Amino acid sequence: MPLERNLGANAAPGSQRSLVLRSRRSWWLAVGLGLCLAVAGGLYWHLQSLLRHNAVLDLRSLYKSLEEFKQRHGRYPSTQEGFSPLVADTLLRAAPKDPWGTDYTYELTDSKPRVTSLGSDHRPGGFLWGRDVVIEDERP
């Protein structure tokens, strides 16, 4: 009988049969662990994609609130004011945070608003999922 068919639960430790059983278990464990890591990586990618999508939706909403503020008051809030005039004007309930828990940043440059999420790395710039998400006025 081939060695693989002769394996039993009563194989003596250190015997040839016991070593084959251990190597098979190790192989299946490695395959199972690899599959778990692949699934976890896919889930992480999907989660980060959803968080970035939520950040884009939030930024668009913030930009619309800034446009509404400009229609009411004839100007955008200054960089120093940030989002506080929008909260005072009841256009926002509170100072907004991005999906990663960091405050959105706002700056007014040359009368053009720019709203930014720093991404998952919480720092300016970033790479891959840590890249900043930015919406700014493109009009001349």
The residue from Ser15, Ser26, Ser78, Ser49 that alone is in contact with a helix residue (DSSP H, G or I) (Cβ under 9 Å, 6 or more places away or on another chain), surrounded by fewer than 16 Cβ atoms within 10 Å (Cβ to Cβ), at pLDDT below 85 and polar (S, T, N, Q) is Ser49
Apart from one, (1) in contact with a strand residue (DSSP E or B) (Cβ under 7 Å, 6 or more places away or on another chain); (2) at pLDDT below 90; (3) assigned to a helix (DSSP H, G or I) all hold for Val134; the odd one out is (3)
When the range 76-109 is checked residue by residue, the ones that are more than 19 Å from Asp121 (Cα to Cα), part of a loop (DSSP other than H, G, I, E, B), touching a strand residue (DSSP E or B) at 6+ places or on another chain (Cβ under 9 Å) and of a type in the set (D, E, K, R) are Glu81
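The values are calculated or read from the model by the stated rules, or taken from the named source; none is laboratory data. If you're wondering where the values come from, they're calculated on a predicted model, not measured in any experiment. We place every Cβ from the backbone using ideal geometry, glycine too, and count neighbours over all the protein chains shown.
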